[in-house]
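> First the structure, then my questions, so here it is.
The values are calculated or read from the model by the stated rules, or taken from the named source; none is laboratory data. Bear in mind that the values here come from a model prediction, so they are computed numbers and not experimental data. Note: ideal-geometry Cβ built from the backbone for every residue, glycine included; neighbour counts use all protein chains shown. Side chains included, ligands, DNA and RNA excluded: accessible areas come from the protein's heavy atoms. Shrake-Rupley method; radii C 1.70, N 1.55, O 1.52, S 1.80 Å.
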Amino acid sequence: MKKLFTLVLLSGCIFRASAQTNSAVSNMMKADAGKLKADSIRKADSIKKAMDTATPLGYADFSWVNGQNRQTSKLLDNAYFTGDFTFDMNYTMSNNHPNDNLVTGSTALARNGEVELSMAAIGGDFHYDNVRGRIMMQFGTRATEVPRNDYSAYRGQYDLTDAYRYLSEAYGGYHFDVWHGINVDMGIFMSYIGLMSYNNFENWSYQPSYTSDNTPWFFNGVRVQLFPSVKTKIELWIINGWQSYGKFNNMPGLGFAYINQPNQRTKIISNNYFGTDVAGAPDVKRYHTDDSFERLYFDAADQKGPGIKRAAFTFTADFGFQNGTAPGDVVYSPFGKNASNFMSAMAYNRLWFGDQAKWGWTIGGGVMSNPSRYLALIPTGLATDSFIAASTPGSKMAGWDASTTIDYSPNQFLTVRFELVHRFMNVPYFDGPGGVTTGPGGNGYQTNPQTNSNSNSYIPNPPTIVNAAGQTVPNPNFIPFDLVKSDSRFIIALIARF
């Protein structure tokens, strides 16, 4: 009996001790859970506050994005002005070795076999008390080769091509503190239709694929930028036209862009446009959509030493067409024998490697079909007239391009670039050995530069003329030009940006 009593008493003590221990552990677990919950709430609040105050579309590291500035600081930056200076030089050599040292069908390159100042851009952003403004002066070959395809400047006077040619961007506006910001700007501003940036310092390659090279680099008009969240931008446009200083007809161009960066590894872009951009044909309407997807699929940027640090790809697809009837009963339609459409796509893959990811390797290219050639860059010199005359609804034009690029960027202010690019077109399009200014057998110099050169790099060269009797006869002064279907070239570029 005594032993039984002792056993019961011992069991009771053990149970009581166990209950006390369990109670203590339970209380400690509850306290830890409360602390963890409070820490989690504080962390969530901190993240929310950081997101609320972050720069729209800049809430994370997006320096990998194609067509976007990778710099984190500027040489000149204060409360009122942020400077922006780019010096872009290149040397390029084509396997065609044109005797006039020209490059056709490009907005990034102008001279072959020569050291070329492509662009010296000087300017920056002004900002004071919600008032904003940006001016970027441009000097170099791009000041001629980009605006020369804008034929709206021939409507009326005041020589818009010369008036604006040294301005790549110039606008003023106001910032409203609504949502994460609303900007209203008027002037000339950059267009990102075609994904790539006008400033090659921001791109993964130097010679843009057909999609980027044949879509607008700039708009002239009014834009409204809406930032409903730090991950989203909506941009509305009322503009003079498709990369034009003036209007081709009486209706302005209308468009919008939607940009979303749902996370640090993804960017989605959609650009859409509607306008009347056939000179003297207000009943012909243009529709265009441009859509891009960018993805960072590998990221080890925080690791030191050699090896691949990042890997990303981009994909862009465009579809546009013109529809309607022009004077003279010239019919434009999306498809068929009078097709006037633009279909293109391009894809690029980029690797960053080496210590601090100073090296980059990009490979990619694209395809384009553009019957009627309504968005084609027009060849220069003597080839201009014939190319325009052949650019009728249903005319043939399709091609592809491919490139591989090696970059070295010792810091965020300099890029040295080496690139191999091949371009093909199913119609003669690229400057051949005989050139486009003096024809086969020439020496590369224009016959009379004083009369045959103007601000649009246009040399009248009709194969036929109308004589005094009103008859169409061969032009006795016609000089043939030399266009070929393909072009392979090597590019060396040095780009400094501050």
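> In segment 390-399, which residues are at negative phi, in contact (Cβ under 8 Å) with a residue 40 or more places away in the chain and surrounded by fewer than 21 Cβ atoms within 10 Å (Cβ to Cβ)?
Within segment 390-399, just T392 meets the criteria.
> For segment 381-398, which residues satisfy the criterion of being under 27 Å from T276 (Cβ atoms) and either not in a loop (DSSP other than H, G, I, E, B) or not small (G, A, S) (or both)?
Passing the criteria: T384, D385, S386, F387, I388, A389, T392, P393, K396, M397, A398.
> Then there is this: Considering only segment 288-331, how many residues are farther than 25 Å from N203 by Cβ and assigned to a strand (DSSP E or B)?
Count: 8.
> Further, regarding this structure: Within the set of pairs 6+ apart or on separate chains, which have a first residue in segment 138-152 that is under 19 Å from M89 (Cα atoms), a second that is of a type in the set (D, E), and C-beta atoms under 7 Å apart?
Filtered contacts from segment 138-152: T141/E116.
> Within segment 287-308, work out how many residues are within 17 Å of D61 (Cα to Cα) and open to solvent by less than 10 Å² (accessible area, probe 1.4 Å).
3
> Applying the selection to segment 104-119, what residues are in a loop (DSSP other than H, G, I, E, B), open to solvent by 10 Å² or more (accessible area, probe 1.4 Å) and out of contact with any helix residue (DSSP H, G or I) (no Cβ under 7 Å at 6 or more places or on another chain)?
Of everything in segment 104-119, those that are in a loop (DSSP other than H, G, I, E, B), open to solvent by 10 Å² or more (accessible area, probe 1.4 Å) and out of contact with any helix residue (DSSP H, G or I) (no Cβ under 7 Å at 6 or more places or on another chain) turn out to be G113, E114.
> Let me ask something else. Please find, among L377, L382, L351, the residue that is more than 19 Å from the chain's Cα centre (by Cα) and either modelled with pLDDT of 95 or more or surrounded by fewer than 23 Cβ atoms within 10 Å (Cβ to Cβ) (or both).
Criteria check complete, one pass: L351.
> Which ones in segment 70-103 are open to solvent by 70 Å² or more (accessible area, probe 1.4 Å), more than 23 Å from V484 (Cα to Cα) and not small (G, A, S)?
Answer for segment 70-103, where residues must be open to solvent by 70 Å² or more (accessible area, probe 1.4 Å), more than 23 Å from V484 (Cα to Cα) and not small (G, A, S): T72, L75, L76, D77, N78, Y80, F87.
> Also: Looking at segment 62-113, which of the residues that are under 25 Å from S409 (Cβ atoms) and among the acidic types (D, E) is nearest to the chain's Cα centre (by Cα)?
Checked segment 62-113; the qualifying residue nearest to the chain's Cα centre (by Cα) is D88.
> Tell me whether segment 334-342 contains one or more residues that are closer than 22 Å to M196 by Cβ and not in a loop (DSSP other than H, G, I, E, B).
Yes, segment 334-342 contains a residue that is closer than 22 Å to M196 by Cβ and not in a loop (DSSP other than H, G, I, E, B).
> For segment 65-93, give me the residue count where each residue is part of a loop (DSSP other than H, G, I, E, B) and either more than 23 Å from Q225 (Cα to Cα) or at pLDDT below 90 (or both).
5
> Taking segment 354-371 as the search range and keeping residues that are assigned to a strand (DSSP E or B) and open to solvent by less than 20 Å² (accessible area, probe 1.4 Å), which one is nearest to M425 (Cα to Cα)?
M368
> Restricting segment 129-157 to residues that are within 23 Å of the chain's Cα centre (by Cα) and acidic (D, E), which is farthest from R223 (Cα to Cα)?
E145
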